[in-house]
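Enquirer: Below you'll find the structure I mean.
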Amino acid sequence: MAEKVSIQREFVRGAARLADLVYVISQMKTLLEQDIAHVSLVGLYKGNWGDAFNTTWNATAVAVAKLPSQKLVLIGEDGDVATYVGGRREDETIAPQPVMIRNAREIGGHVHACGSKRQVFKRTGDRQWIDMSAPRAAQTEVFGFEAIDGYADNEIYAVGWAGEIWRHDGAAWTQCGSPTNVILTAVCCAGNGLVYAAGQGGVLVSGRGDAWTPVDWEDEVTADLWDLCWFQDRLHVATMSGLYTLDANRLVPVDYGAMGPVTGYSLSTAQGVLWSVGKADVASFDGTAWRRYD
């Protein structure tokens, strides 16, 4: 594979499996220009790029399942699924067919996918998915989930359009009172016992259970916040143009050192390493130094 992978591709989202292995959804620029649905999944292992597999459908959701066995799970917008481990791909399908899958996260070992109309699906085994959606929005209603995370199967949070925040207690979904009505695009169940949700226009809220409050910035933040990740006892916040950490009520830009700034969007961690995937960059942070791979 060419040394500068981003010359021919755009990166969409990543999922780390090991400290030195991350899988990245990429799309070929020539096919994007022709509006041809596809994914070119690539792996970055020990600093070396390699092609995993290609699809003829679009995907924005990817996560690493730990149960019933560890493998990468790539999910298409319409419910197509491809799993990958040890160089072997297997295909699955989510049923009933989703309206539009938007994101996925491993929770309690199992991959959970969320999307439009408040849909949530849980992968319980190979080729086995269950529908555990929140109360569905009507066809004429513009509601849906953009992100999902959880501490365990009995405490899962999903966020999305109109600032909606929903909580699943292992048996049923409950809508939480949200302090915002903007689209929330990320949620993180942090190690400090709080849950954070972020979205358009620099909106960040925190809470747990049914109590949620906005985080009021000392300095005005207007950039859209696209992903959240808890790493080294800090909340990391990704925008399209960079990465920040939350310090009290301030967003502090990450110091990339000699590497210099990178594009941002998607965050993932594995075995003590933070991975950042942006439209034109993939970078990792081992707690001491940053490294850019493209």
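Enquirer: Determine the shape class of segment 1-120: with a ≥ b ≥ c the square roots of the Cα gyration tensor eigenvalues, call it rounded for a/c under 1.5, and otherwise prolate if a/b is greater than b/c, oblate otherwise. Don't jump to the answer; show the numbers that get you there.
Expert: On the way: a/c = 1.98, a/b = 1.18, b/c = 1.68.
Oblate.
Enquirer: Same structure again: Give the longest segment of the chain that steers clear of GluC sites (Glu not before Pro) in DSSP loops with at most 16 neighbouring Cβ atoms within 10 Å, not counting the sites themselves.
Expert: Working: sites that count: 3, 141, 218, 220.
Free of exposed loop sites, the longest segment is 4-140.
Enquirer: From the Cα gyration tensor of segment 101-152, with a ≥ b ≥ c the square roots of its eigenvalues, which class applies: rounded if a/c is under 1.5, or else prolate if a/b is larger than b/c, or else oblate? Show your work: numbers first, answer last.
Expert: On the way: a/c = 2.52, a/b = 1.77, b/c = 1.42.
Here segment 101-152 falls in the prolate category.
Enquirer: Anything over 26 Å Cα to Cα? Flag those among 46/71; 29/117; 29/71; 71/122; 46/279; 4/46, in the order listed.
Expert: Numbers: 46/71 18 Å; 29/117 30 Å; 29/71 28 Å; 71/122 15 Å; 46/279 21 Å; 4/46 16 Å.
Among 46/71; 29/117; 29/71; 71/122; 46/279; 4/46, the Cα-Cα distance tops 26 Å for 29/117; 29/71.
Enquirer: Taking the structure as given and computing semi-axes √(5λ) of the Cα gyration tensor in Å, which label from (1) 27, 25, 17; (2) 44, 19, 16; (3) 32, 21, 19 fits?
Expert: (1)
Values in this text are rule-based calculations from the coordinates and carry no lab data. None of the values given here were measured: they were computed from a predicted structure. Counting neighbours? That spans all protein chains shown, and the Cβs are built from the backbone with ideal geometry, glycine included.
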